[in-house]
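See structure below.
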Amino acid sequence: MNGRFDGSSQSGDIMAESLLRLEDIEVRRGKGVVLSQFNLEVHAGDVLVLHGENGSGKSTVIETCARLLSLENGRVFHHGKRVLDSEGRRTSPPEAFGLTLQKNGLVGDETVENHLKTVCFLSEKSFDLTEILASYGLDHRRHDRIAQLSGGQMRKVAVLAGLLPALLTNEPRLILLDEPATGLDEKALESLVNHIGQLSTAGHGFIVASHNSKILECATRIHNLKTEKSNVPNTHEPWKSTATQHSTSLLSARVGFRYLTSTQAAIARNGLTALLVLGTLMGFVDPSSIENRSLLVGFVLAAPFAAGLAGDPVLYIMREGRAVDWWRAQVQRLPSSDVHSLTIGFVFTAIGCIVFLDGVDWRITALGTLMHWVTMNCVRFIELSTLRLVRPNAVFLRLLLPILILPWALVTDFAAGL
Amino acid sequence: MEGSYYLTTAYLGMIAGLAIWTWTVVTRSRSIELRLAAVESTVGVEASDADSLAPQSINIANQDATD
Amino acid sequence: MSTQVQEGEEGVIYMRGRVAEVLLGAGFFGIMATLFLGFHWAPSVSINAFESPAAQRIFYWHVPSAWAAFIAFGVLFVGSALWFFKRSAFGWRLHVAGTEAGLACGLMTVWSGCVWGAAEWGTPWDWTDVRLNTFGLLTLLALFLVLGRQSQPDGVETRDTFSTFGLYGFVLVPLTYMATRIWQIRHPGPVVAAGDSGGSLESSMALVLMIGALSFTLFIVGHMLISMRITQLEQRLEQVQNSLDGGI
């Protein structure tokens, strides 16, 4: 697809702020070039609706804007700052932006309220969600887990999460919505159209991929990835945000902690693996009959090492519904299981010391804790490296894990000398 | 005697490896040539468009090899 | 070599096929000659130097196959880099050929090494021996790349991801090569390219190893050329089939 559009609907002497600029973009997916020499600019107040046939590249434009795809050529700018280019640079956007993917990007174990609050925290804001949830018919569901919702209700949560960065501030924000109307009931669709109108009047910029006629009525520009035409939308009162400032540090670690606390996935995956290894060793090995300290230390460190090989449970949780892509667009470091991994590493190494070495050796316990954390993060790194594949679950990742055995064999040798 | 046993095991394994590898590659090569010839004769396709994924790389390969 | 360049021209593809088969045949003849010379011409080692002197003759294929594996991993690296940085389809064919040849030669090396280890050390594998482990990892990487590629539809995402792993993995090649020079834990030190310390091989043994290395090199180059031709033909077949489907 070729497209060269450098203007916007804004005219007059005062040019509105540029929220997004795509310059000379080329994107390949599978065996085809989906976008080629594609240029686009969205200013404050624009509602650009991408309206084309299936497979024409609408989602590719949205995902390119969200920094989710690799570029063969070109650059992506948010608020005038380069956030992605074909040389591989990928930096944080200067301002939070809203994103609703075609798949919802939600973690089923989160509650509706917790997910939306997290979106608020990404914008460093706090906001009373009651009214907004009511307008989408979700107020009675705010404390429910997302997995308990119907498909349409999940879509509402995903759309709300996409709109929130703009609802939280009176400063212009970029909102990217991929097929937001799909699955919404009449009332929710009316609320969405209303919000798009109010927010664009307040100066926020939208890119929406949609075929829905009501969404098309909100557009200031309609773009079919080849040509573009202007449109005059209905007038709306501008949105006034009532959100307050709320800064949250270590958000990724906190979100990871919350995911694992609500699902117990760290215990189910890593903890049980360590327990099985420890139990098996205890069943077959009589420590009192072994003189070789290296071997005993090896038995102690086997459980945290095996638990690390089970991988990062947060990544496992986030694989559902493209949640990992939603998070990748929003933050530089994905939610992690640092707290749980350090705890599991510590506990199982300490138990191993008691069983095999007749008492806790703090230096070996510290090494075991570190071993678990490093191993888990190496597995996480390898898993993240394959997420771009069409079938990431079909690759034989475990074949690469023996790379971790040699370093830890040397660490075990070192630990035995302590 | 025991050394000869290890020696035989090692060489038999390697000979089997070489044989399986070569057999697989040659069979795949023949099979794909036959399939391609059959499909091409059906549609009468020109053989000139060998790589649809990155046609520009043909130029790069040409340059590389002629250097 | 200009006959190999004009990719896409039917005659050239088949010309490469003949070159490949000649190289394959010459390599195979040399490999068999190495085996014969290793058994009937090269002298036996001193009984005192090895626990299992007879098993030492494993080296006449073990060392050349390791050498061939290094060449294949080098091709894999160059191919990965050409695809990743230049989007070269030729580079992708090199990547595919390098992984398959690396896997075959790597497995032969690891297998023969394990059997020799069992005879000489009393254990087929030692987790603390750096060269053994890094070489094993390279072979596992090649297996990962071969199986992984078969599990995915061909496309830019597949090629980018596996090329990245090919680039990461190449770090292991110099590490493996230098391993016995830096940390000689159990593995024998270098015997052919030993530098100042001098090789410990008798000249006839060295000659057999050289013939073996040359033969294995010819053999895997022939294999890699055939593999590249297969990849090219597979791509063309898919393109023709797409045109039959009314697609691209």
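For first residues located in segment B:1-23 and at the interface with chain C (Cβ under 7 Å from one of its Cβ atoms), partners that are not in a helix (DSSP H, G or I) and lie 6+ apart or on another chain with Cβ distances below 6 Å form the pairs B:3/C:52. Looking across A:380, A:322, A:398, one residue alone is surrounded by fewer than 17 Cβ atoms within 10 Å (Cβ to Cβ) and of a type in the set (Lys, Arg). It is A:398. In segment A:405-417, of all residues being more than 7 Å from every other protein chain (Cβ to nearest Cβ) and crowded, with 18+ Cβ neighbours inside 10 Å, the one that is nearest to residue C:133 (Cα to Cα) corresponds to A:408.
Restricting A:205, A:271 to residues that are in contact with a Leu (Cβ under 6 Å, 6 or more places away or on another chain) and modelled with pLDDT of 90 or more narrows the list to A:205.
The condition of being modelled with pLDDT of 90 or more, closer than 20 Å to residue A:322 by Cα and not charged (D, E, K, R) holds for only one of A:134, A:66, that being A:66. When residue A:140 is tested against (1) over 28 Å from residue A:17 (Cα atoms); (2) touching a residue at least 24 places away in the same chain (Cβ under 8 Å), exactly one condition is not met: (2).
Take residue C:179 and tell me if it is hydrophobic (A, V, I, L, M, F, W, C), at pLDDT below 85, assigned to a helix (DSSP H, G or I) and under 30 Å from residue C:35 (Cβ atoms). For residue C:179, the condition - hydrophobic (A, V, I, L, M, F, W, C), at pLDDT below 85, assigned to a helix (DSSP H, G or I) and under 30 Å from residue C:35 (Cβ atoms) - is met.
Residues in segment C:98-114 that are within 12 Å of residue B:18 (Cβ to Cβ), crowded, with 24+ Cβ neighbours inside 10 Å and either within 7 Å of chain B (Cβ to nearest Cβ) or in contact with a Lys or Arg (Cβ under 8 Å, 6 or more places away or on another chain) (or both): C:104, C:108, C:112. Per the listing A:364, A:354, A:317, A:344, the residue uniquely without any contact (Cβ under 8 Å) to a residue 12 or more places away in the chain, part of a helix (DSSP H, G or I) and of a type outside the set (Phe, Trp, Tyr) is A:354. Across segment B:23-37, not a single residue is classified as crowded, with 17+ Cβ neighbours inside 10 Å and modelled with pLDDT under 80. Across segment A:96-125, the qualifying residues are those that are of a type in the set (A, V, I, L, M, F, W, C) and outside any loop (DSSP other than H, G, I, E, B), and the one among them that is farthest from residue A:66 (Cα to Cα) is A:112. Each residue in segment C:122-151 was checked for being surrounded by 16 or more Cβ atoms within 10 Å (Cβ to Cβ), outside any helix (DSSP H, G or I) and either within 14 Å of chain B (Cβ to nearest Cβ) or in contact with an Asp or Glu (Cβ under 9 Å, 6 or more places away or on another chain) (or both), and 1 of them qualify.
Among the residues of segment A:287-294, is there at least one that is among the charged types (D, E, K, R), farther than 30 Å from residue A:252 by Cα and free of Cβ contacts under 8 Å to residues at least 60 places away in the same chain? Yes, that holds for at least one residue. Of the listed requirements (1) more than 21 Å from the chain's Cα centre (by Cα); (2) among the hydrophobic types (A, V, I, L, M, F, W, C); (3) not in a loop (DSSP other than H, G, I, E, B), residue A:83 misses just one: (1).
Figure legend. Inter-residue proximity from segment C:28-55: first residues within 13 Å of chain B (Cβ to nearest Cβ), second residues modelled with pLDDT under 85 and not in a helix (DSSP H, G or I), beta-carbon distance below 7 Å, spacing 6+ or different chains. Indicated pairs: C:53/C:44; C:53/C:45; C:53/C:47.
The values are calculated or read from the model by the stated rules, or taken from the named source; none is laboratory data. Here the structure is a predicted model, which is why all the values come from computation and not from measurement. Cβ sites come from the backbone with ideal geometry, for glycine too, and all protein chains shown count toward neighbours.
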